[in-house]
Structures are given as structure tokens and as C-alpha cells.
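A.B. asks: Sharing a structure here in C-alpha cells format.
The values are calculated or read from the model by the stated rules, or taken from the named source; none is laboratory data. Values in this document were obtained by computation on a predicted structure and should not be read as measured data. Here Cβ is always computed from backbone atoms with ideal geometry, including for glycine, and neighbour counts include all displayed protein chains.
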Amino acid sequence: MKIYTKTGDSGKTSLLGGSRVPKHHLRIESYGTLDELNSHVGFLRDYSLGDEITEELLEIQDRLFTLGSLLASEPGKSKVKIPEITEKDVLFLEKAMDLMNETLPDMRHFVLPGGHHAVSSCHIARCVCRRAERIIVHLSEESEVPSIVLEYLNRLSDYLFVLARKITFDLAVIETPWKPRM
């Protein structure tokens, strides 16, 4: 299989279903941002964070590919079988957060991102996740988007925040509170 097809040289690409759309189309921007997020999660996975976190991140990467497939499909036109994302996937994130939160100190302030490369990577992934969510909300105003997509991304950004705090705690990094100047 060749990687290059030359069919996108004019600035258009195909959705699953056959329609050609500009590469700046909201649907393309949506799943392109999920691809970017998936790369950040992969970068985060490259840190030695333990087997449990590595397995969680691999699961998240799989789910992000599924979300991308859903968004690359034209509503009602694609005949391609696409994997599903379900409430079970959202519950997976919630359970992981609940377990991490059991060992974390209470949060009393907003925290400034940083302190360790892995912590910063979590925060960057969280920000990209929020951007993906905003773009997909915009897409959902113009086209059909399964509600589970937004639910999953909303929970994923929370997961990435809690994971940043967990890594901070596990590595004994100082969590820097934001103290607004008044």
C-alpha cells in the first residue's frame, strides 16, 4: 500500500462515505485534532509511569482512533463498519480517576502546569483535548455527532488533569498553586 495517493493535492480529502470536502472542513479539523491528541498521549506514554498508567494510555489511544473513525464517517452515508464507543468507555475513565484521587491530597487552588516533563505533557494533552472538544461542539451544531463523543472527550480532559496531579504526587514534584494577585 502506498502512503501517498495524490488525491489530496488540491486541498480536498474524502470522508468515509465518499464525499470530497476541503481539508479545512470542521469534520477534518475535528478528527485531525484527535490525531494530534493521540500523538500527545503517545508521547506521554513514553515516560516510565508504570504498567497501569501505560495500559490506560494505550486504551485511550485506541478509543481516540475510534472517535476519529466516527468523525471521519459521513453521517448516514458510510457503509464501512466502524468500532463503537460506549458508556463503558466513559466509565473506564471515571474509575481510573476515582482510583487516582484516592491517594491525592485535596485540591485547594488552581495549579500551574509544570514541574516535570511528564506533568507538562499531561497538561498539553489536556489542552489539546479541550480544543478538540470545542471544535467537535462546533461540528455538532452543523452536523450529526454522537453525544458519547463529547461525553468521552469531556471526561478524558478531566482524566488528563487528574493524571497530571497523580504524576506530580508520585514523583514528589511540588505542585505550584496559582495565587491570583489582587
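A.B. asks: Would you point out which residue out of VAL137, VAL128, VAL173 is out of contact with any Gly (no Cβ under 7 Å at 6 or more places or on another chain) and either touching a residue at least 24 places away in the same chain (Cβ under 8 Å) or among the charged types (D, E, K, R) (or both)?
C.D. replies: Being out of contact with any Gly (no Cβ under 7 Å at 6 or more places or on another chain) and either touching a residue at least 24 places away in the same chain (Cβ under 8 Å) or among the charged types (D, E, K, R) (or both) holds for just one of VAL137, VAL128, VAL173, which is VAL128.
A.B. asks: Give the residues of the range 114-139 that are of a type outside the set (A, V, I, L, M, F, W, C) and either at pLDDT 95 or above or surrounded by 20 or more Cβ atoms within 10 Å (Cβ to Cβ) (or both), sorted by residue number. Step through it out loud before you land on a result.
C.D. replies: Of the range 114-139, the ones of a type outside the set (A, V, I, L, M, F, W, C) are 114-117, 120-121, 123, 126, 130-131, 133-134, 138.
Across the range 114-139, the qualifying residues are HIS116, HIS117, SER120, SER121, HIS123, ARG126, ARG130, ARG131, GLU133, ARG134, HIS138.
A.B. asks: In the range 13-47, which residues are at pLDDT 90 or above, surrounded by fewer than 16 Cβ atoms within 10 Å (Cβ to Cβ) and not acidic (Asp, Glu)?
C.D. replies: SER39, GLY42, PHE43
A.B. asks: I'm checking my understanding of the structure. Among residues of the range 74-105 that are in a helix (DSSP H, G or I) and in contact with a Phe, Trp or Tyr (Cβ under 7 Å, 6 or more places away or on another chain), which one is nearest to ALA164 (Cα to Cα)?
C.D. replies: MET97
A.B. asks: Looking only at residues that are touching a Phe, Trp or Tyr at 6+ places or on another chain (Cβ under 7 Å) and either of a type in the set (D, E, K, R) or in a loop (DSSP other than H, G, I, E, B) (or both) in the range 106-125, which one is nearest to ILE174 (Cα to Cα)?
C.D. replies: Checked the range 106-125; the qualifying residue nearest to ILE174 (Cα to Cα) is LEU112.
A.B. asks: Also, I was wondering about something else. If VAL145 meets every condition in (1) within 30 Å of ARG20 (Cα to Cα); (2) exposed (fewer than 15 other Cβ atoms within 10 Å of the Cβ) apart from one, which number is that one?
C.D. replies: It is condition (2) that VAL145 fails.
A.B. asks: With respect to VAL173, is the statement that it is touching a Ser or Thr at 6+ places or on another chain (Cβ under 7 Å) and either surrounded by 15 or more Cβ atoms within 10 Å (Cβ to Cβ) or not acidic (Asp, Glu) (or both) true?
C.D. replies: no
A.B. asks: Next up: Restricting attention to the range 48-55, does a residue exist that is under 18 Å from PRO146 (Cβ atoms) and surrounded by 14 or more Cβ atoms within 10 Å (Cβ to Cβ)?
C.D. replies: no
A.B. asks: Let me ask something else. Could you figure out which of (1) under 30 Å from ILE28 (Cβ atoms); (2) of a type in the set (Val, Ile, Thr); (3) at pLDDT 95 or above isn't true of VAL80?
C.D. replies: Every condition holds for VAL80 apart from (3).
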